[in-house]
Structures are given as C-alpha cells and as structure tokens.
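First the structure, in the form of structure tokens, and then the observations on it.
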Amino acid sequence: MILDKINFPKDLKSLSFDEMKILANEMRELIIKKVDTIGGHMGPNLGIVETTIAMHYVFNTPADKIIFDVSHQSYPHKILTGRKEGFLNPDLYLKYTGYTAPEESEYDLFKVGHTSTSISLAVGVAKARDLKCENYNVVALIGDGSLSGGEAFEGLDNAAALGSNIIIIVNDNDMSIAENYGGLYSNLKELRENKGKSENNFFKALGFEYFYIDEGNDVEKLIEGFKQVKDINKPTIVHIKTQKGKGLKLAEENREYFHWIMPKGLEDFGKTFSLPENYTDLTKEYILNEAKNDPSFMVVTAATPGVFGFDKEFRDKLQKQYMDVGIAEEHAIAMISAMAKSGARPIFAVMSSFIQRTYDQLSQDLALNNSPVTILVYWGGISDADATHLCSFDMSLMSNIPNINCLSPTNKEEYLAMLDYATKKSTTPTVIRVPNIPLIKTGVEDKTDYSKAKYDVTNNGKDVAIIGLGNFYKLGEMVYDELKNKGLNPTLINPKFVSKLDFETLDKIKENHKVVITLEDGILDGGFGQKIAGYLSKFGVKVLNYGATKEFTDRIPLDELYTKYRLKKELIVEDIINSMNLINV
C-alpha cells in the first residue's frame, strides 16, 4: 500500500501523481469499510479525498492553517495527519471522533460540527495573523450546501474586505444533505456550466479573486490550481467541482441517502423493513392529512429532512406545501412567524442541536410577535453523541423565552393532541419535543387543554412526588414502582408542559409531600426541574432535580452518563430514602 509510507502530510511530497491516485483509492476503500461498519458520513468524505491530498501536498500544514466547515468531511484529513490507525484497525475505529478535534492532532485547529462556520473562523485566524505580523496561509474549506447558512454569507462579506491572504475553497458537488435551495445555486450552476468563465459571478461581485477547477477529483489539476493561490496576498475563492460519494457507485447515484449512514448501510440499502409504529410515521401521516385538507398548511425544514424521515416521496406529495430553506434556521423562524401572521399554518421541523442557531429569531421575530407557529424538535435528550451534536440544551434554550409554550408528550395520544392544539387552536408559538423513545399507546384520547398548564396526576399519594417529563416519564414509573415495593405511597405526575407551571397541582403537593423529584432528559440549568424547585423550595419542600450537568460531553456511553447523573432507578430511590431519613430526624 502507498499508505504504508504516509504518516504525515510531509510524506506526500515524495509521491508521484500516479502514486497519489493509488493513495486516493486506498483511502476510499478504508473510509467505505469503516463507515459501513460503524456508521458515519460517507458521501462527503469520498468526494473530498483528492482535494485533501492536494491541500496537504501544496500547503505547509500545520504552519499553514486548514479550517474545515462542519468537518464531517475530515476523514481523509485524519488519515493523512497521523491517525490512519483509526481507519486501518477495526479495533480502533472509535478511537477518533468523526469531526476535527484539536486534542487529537495539531493539524486540527478547531472543534467544529455545525455548518457554515469555516469562513468566519478563517477570517479570525487571518486577522490575528496580520495583527501579529506573521506569515502563513489561511485556508477555509466549505461545501456549496453550507453556503446557504447565514454565517457563511457574513463570513464571505468580511473575508472579501480583509485585504490579505485568505483562501476559500468552495467544494461544489451540487448537493447539501438533500437538494440545495436558494438563488445562489443558480449562479453556482451557471459557473459550473461555463467552467468559471461567466461574467455573472457571485464571488467576484463581492470582491474576491476567483479561480475555477472543473476536475475537482483530479489530484494533479487540484495541485496545479492550489499552487497558483498559495501565498496569494488577497482574498481568494477556489471553486472546485467534485462528485459527492466519488468511487462508490451507490453513493454517487443516491447522494442524499449516503450523506450519513448507519452501520451496514450498504447492505441495507434498498431493503424495506417492517418497523413498529413510530413518531416519525405518525408525524408524516398527520402532515399529509392536514396538507390535503388545508392549502395554507406548510412544512418547513432547514437542510436536514432525513432527520425527520421526510424522504423525497413524502416531500413530492406535499409539492408547494413543503419548503427546505437550506442551512438557514434563523431565516426559517422569521419566515414561519410572518407566514402565521399572514394566515398560513406553518410547521417547522428541526433537530435539537440545530435550533441553537436561531435564538434571537425565536425571541424577537417569533415570541415577541406571538405568532402561532408549530415547531417540532427531534432527537432531544441526553445522548452519547459527539460534543458538536449534543441535543440536551433545547428545553432550557426555548422554555425561558416569553410566549413560547413548550410541550413534551409521553405517548401517541398526547402527541397527536398536542399537534392538533398547536396547528389549529393555539394563538401563541408552540414547541413540541417529539419523543426520542419507542412509541407508547394508551388507547385513551387525550383531552388536555394545552392553552393552560394542567399536569396529569396519574397516581395520587403522599410524602414523595415524582414528576417525570417527556422521555423520562417511563423512568418516573419505574421509580414509583420501586418505592411502592418499599412500602411508600408516592405520587406520580406527567407534567406535559416544559415552560409553564401548574400552580394548582404544585400547591396540593406542598401540603402533604416532603420530597419531590423531577426527571428531565436535558440539562438541569435553566430547565424544567429548576422551575419546580424555585417554586416549591419557598415552602420548605425538598426538591431533587435529575437531569444532565451543564457540560459538553463527547461520545460518552449513555449508560455511563446516566450513572454519573444518577439517572437510574436504584440511585434515585436511594437518594429519596436518604432524603426522607434526613427529614424525619
């Protein structure tokens, strides 16, 4: 293998072009095998192999700085920067994270995993370099899909006026996670078709020096192009045309499916599986029915429809009642607020980790204007994900904004009732945290009035009250059963509301309960439990809050996190008994 003699980028300098092409194929084979084994980003990494080889061949890394956008395409970079063992040895597949990580290597400048950030980061690095009178290249790699994000536009605007070396490589494979959307992509298409020669050039209009490489998967052409811009003293765009999923026919032909895959994604592609009823199918069925009956019903996503199971067939059925705004959550929130004010019925589906991008619009454009929109938050909860994709902050983030009614269902009937309320009856913004657990059915219609907070007291007892929110209501039931086995008669409550307190129920609790525990699948700081504690503690009630610590965890097994946070039945019961004993002393 050519890769046997490549340990760091400097080793590339001795290779011929033919050897680099062999190396690219070897790297692709390793990426395909690893990703198919443990899951991960397939298409983005296969498409950027030659670009990565060429960047490290031409630029003097790590002295020259390469900054990856999202960094979900950094697998080839990791192979070339001292971490190939994580791709060669299956026992070490999980040693390195799927994103750039400075703690792993000096070749990684930033820990990133969200999109549209590389240009802004590169501007900051270049500005610091200039202030310190240092001399090195600053290279930002960004995909065409990421250009739809607001931060990318802001970064481009400022990079163009920098007046010194900054090289932005635009990796154009005519694809985001799903199809690209927006006016910019018409210009990128025109530039591709005219091999960069069109006078109608978005980048030149901003003031960039512009270079185009049509054969972006040809390492020789890439090296030639990068040599032209190395050490350039002005803001420069290198626009390269690449093939997403290059080298894997299935990935080339099915670019959306193979953007990110689960283990055995190659084996499972095209297969149909009989899955139990789930919240994804419930949501899609509800949406299609509402859209059919009301032309003003609208579904909006921000570049990640696959997260919600919104496949192409589903999107095509909705036609003009579906819109993907690209990586633009800020725009999406402002837009749906205006849509609702103008009489439409918009639903915005978003992954928990990505709602973070739009806090100001949630507050100002949406909540301040009290627009009756529906926001469905997916994947919310404590997880073993990378630090860049944690989904435990959404409830604290949104539930403290005035006018936003945050709801967290525990079963099918509650979820459908919340959907009906949010889309048909609510006069304020409603956020529903879609359960991140297997679907539970009660068979009993939920008739809750979700305009005012009213908790569901499922078992009325004394001394100990268990309030289990959303995903963790089931854990509350387990704690309840264990306490019953110990001779106690606890109260069990399903609160349903994240952002509102049911003072009537809480006032009853304070009369005959000594200990109250709250369970929430998110961080405690600013969360649901602290609101309960803030109220009941004034009356001398002992409140124990269970949830996650405010921290960035990174691929820590869920069982380990639950133990650390004492989110296990036996640990919670132990804490309750100890608290009861202290109170009774």
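All of the numbers you see were taken from the coordinates with simple rules; none came from a lab. Given the structure is predicted, the values throughout are model-derived calculations rather than measurements. Reconstructed Cβ throughout: ideal geometry from the backbone, glycine too, with neighbour counts over all protein chains shown.
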Ranking LEU368, LEU288, LEU131, LEU544 by Cβ neighbours within 10 Å, fewest first, what do you get? LEU131, LEU368, LEU288, LEU544
14 Å Cα-Cα reach of LYS484 towards aspartates and glutamates, excluding residues that sit fewer than 8 places from it in its own chain: ASP463, GLU570, GLU574
Once you charge only the Cβ atoms, +1 for Lys and Arg and -1 for Asp and Glu, what is the size of the charge dipole of region 2-266 about its Cα centre, to the nearest 20 debye? 260 debye
Could the peptides 436-443, 406-413 be put in order, highest first, of the mean number of other beta-carbon atoms found within 10 Å of their residues? 406-413, 436-443
For the Cα atoms of the chain, what angle does the longest principal axis make with the long axis of helix 17-38, in degrees from 0 to 90, nearest 10? 10 degrees
Would you mind getting me the FRET efficiency between ASP525 and PHE314? Use the beta-carbon distance for r and R0 = 41 Å, nearest 0.05. 0.65
Pairs of Lys in region 279-433 closer than 28 Å at Cα, counting only those 8 or more apart or on different chains: 29
Cβ charges +1 (Lys, Arg) and -1 (Asp, Glu), total dipole of the chain, debye: 860 debye
Listed peptides 190-196, 28-34 by packing density, highest first (mean Cβ within 10 Å): 28-34, 190-196
Kindly list the residues of region 346-373 that lie in the label zone of ASN403, defined by a backbone N under 13 Å from the point 7 Å along the Cα-to-C-beta vector. 361-373
With angles folded into 0 to 90 degrees, how steeply does helix 184-193 sit against the dominant principal axis of the chain? Use alpha carbons for both and round to 10. 30 degrees
In nm, spacing of pseudo-spin labels at ASP575 and ASN200 (7 Å Cα→C-beta vector): 6.1 nm
Between the helical axis of 150-159 and the dominant principal axis of the chain, each derived from Cα atoms, what acute angle in degrees is found, rounded to the nearest 10? 40 degrees
Hull volume per residue for the chain, using the convex hull of the C-alpha atoms, in Å³ is 172 Å³
